[in-house]
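**Q** Quick one: structure below, then a few questions.
Each reported figure results from applying straightforward, stated rules to the coordinates on display, with no laboratory input. These numbers were taken from a predicted model, which means no experiment stands behind them. Cβ placement follows ideal geometry from the backbone for every residue including glycine, while neighbour counts extend to all protein chains displayed.
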Amino acid sequence: PEKQRFKVQKPKIFPPLTTNPRKSLEQEYQLEQEWEKLLFQNNQMRKTTPDHVKSIKHLVRKGIPNKYRQLAWQILTNSFELCKQNEQPNHSQYCEYLKLEIEDAVSAQILKDIDRTSPSLKFFRDEKHLRQLFRILKAYTAHAREHEYTQGMAFPAAFFLYYMPEEQAYWAYYQLMQKYGCVYMNGFQRSFQMFEVASKLLQKYNNKFYQHITNLDMRLDLQQMFCGKILWGFMVKDFSFQLSLRLFDQLLCEGDKTFYRAFLAYCKWLQKGQVLKTKLQPGQPGYEEEFNKINLDGKGVSILSLPYSETMEKMQKQDEQIMDDEEFVKIMLSYTFSTKEMQEYDR
């Protein structure tokens, strides 16, 4: 009866989600049982409170089973009750927002963006779902006038729509964007502030990588990597679907820390490979010629040993090679900086 009251629905179409060989079926079943107990045996879980945060965070880090992601995401965004209040049988506030007009140029930009939102998923090759995604973005643009629509805002909306009905997806998206819509505003000022925090964390927790980027004078490239791959696409756009889900789960649960941890883990992942022993260092005159004599293709070489052009290429493409989401998440969670430390860097 409790499950029926929450009306949990499975998505109609799933992309292939690989089973992690490290987890036995028994472990997967146990995780589902833990989530079921948390979601359905505690009537207060629809409202996240400080008493619940620890238990939720523990389970989110282990992974959210697909069949419970719809309700879990509503809880993590505090949108369950908000949707319930605004979507009544005789009145839908979401439909009221859809009646509002937006500028033709904005409407055209949304249409352009949704066509390239998760094109690899069969779900978003269906015109019905594209129309739903357009309506969510149109309604939000009309509702939250302070947040002008920008490319990239479609990705989290698509994730919510993939797992829940349109009205629920809208209110979950609204809650998320009330917190993070600022990263697109005022010439991306907040995004660049967050990059400064990420840069300071990188300097402290992975100074080798930081120094490599500094020696190659690639700070702007690093900024683009953080903003483009991690922040503006909400870690949905450039990673595999399965890893994106794990990162998005953690973002909804732990907030800003997830952006910074994903950035640090990505930099750590780029370091995999052999560090070449050479007389010169990347960035010094003559290093590229010396590098080419030692390794002609750059395969199996750590980014710490790559010259500028190869470093740039690896920063742009490495995400396609991250196949082990469990290992990547493990690297993320190995960074245990405190909220206080993060806030000090953010002043």
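**Q** What angle do you read, to the nearest 10 degrees and between 0 and 90, between the alpha-carbon axis of helix 104-114 and the longest principal axis of the chain?
**A** 70 degrees
**Q** From the phi angles alone, apply the Karplus equation (6.51, -1.76, 1.60; θ = phi - 60°) to the stretch 140-150 and give each ³J(HN,Hα) in whole Hz, x where the residue is Gly or Pro.
**A** Result, ordered by residue: 5, 4, 6, 6, 9, 4, 6, 10, 5, 4, 9 Hz.
**Q** For V301, enumerate residues with amide H under 5 Å from its amide H, sequence gap 5+ or separate chain, H modeled in the peptide plane.
**A** Q274
**Q** Ok, one more. Enumerate the amide H contacts of S92 below 5 Å, restricted to partners 5 or more residues apart or on another chain; note that Pro and chain-start residues carry no placed amide H.
**A** none
**Q** Could you list, in their original order, any pairs among K200/K268; K62/K122; K54/K229; K37/K67; K200/K257; K54/K200 whose Cα atoms are separated by more than 18 Å?
**A** In this structure, K62/K122; K54/K229; K54/K200 exceed 18 Å between Cα atoms.
**Q** Shifting gears a bit: Simple spin-label model, 7 Å along Cα-to-Cβ: L100 to R190 in nm?
**A** That separation, rounded to one decimal, is 1.8 nm.
**Q** Here's something else I'd like to know. How large is ³J(HN,Hα) for each residue in the stretch 76-82, as worked out from phi by the Karplus curve 6.51 cos²θ - 1.76 cosθ + 1.60 (θ = phi - 60°), to whole Hz, x for Gly and Pro?
**A** Result, rounded to whole Hz: 5, 8, 6, 10, 4, 5, 4.
**Q** Calculate how steeply helix 256-270 sits against the longest principal axis of the alpha-carbon atoms of the chain, using the helix alpha-carbon long axis, and give the answer as 0 to 90 degrees to the nearest 10.
**A** Once rounded, one gets 40 degrees.
**Q** I would also like to ask the following. How many nm is it between the label spots at Q151 and E34, if each spot is 7 Å from the Cα in line with the beta carbon?
**A** Label-label distance for Q151 and E34, simple model: 4.1 nm.
**Q** Taking a ≥ b ≥ c as the square roots of the Cα gyration tensor eigenvalues, with a/c under 1.5 meaning rounded and otherwise prolate when a/b beats b/c, else oblate, which class fits the stretch 87-184?
**A** rounded
**Q** Find the eigenvalues of the gyration tensor of the Cα atoms of the stretch 191-347, then list the square roots of 5 times those eigenvalues as equivalent ellipsoid semi-axes, largest first, in whole angstrom.
**A** Three semi-axes, in Å: 28, 18, 13.
**Q** Can you give me the Kirkwood hydrodynamic radius for the chain, using every pair of distinct Cα atoms, in Å to one decimal?
**A** For the chain, inverting the mean 1/r across all distinct Cα pairs yields 21.8 Å.
**Q** Sequence neighbours fewer than 8 away in the same chain don't count; with that in mind, list the aspartates and glutamates whose C-alpha is under 13 Å from K57.
**A** Here the aspartates and glutamates satisfying the reach criterion relative to K57 are E34, D249, E254.
**Q** To test your reading of the geometry: what angle, between 0 and 90 degrees and rounded to tens, separates the Cα axis of helix 25-40 from the longest principal axis of the chain?
**A** Compared with the principal axis, the helix lies near 50 degrees.
**Q** For N66 and Y308, compute 0.36 nm times the residue count separating them, minus their Cα-Cα distance, and round to one decimal in nm.
**A** Between N66 and Y308, full extension yields an extra 83.0 nm.
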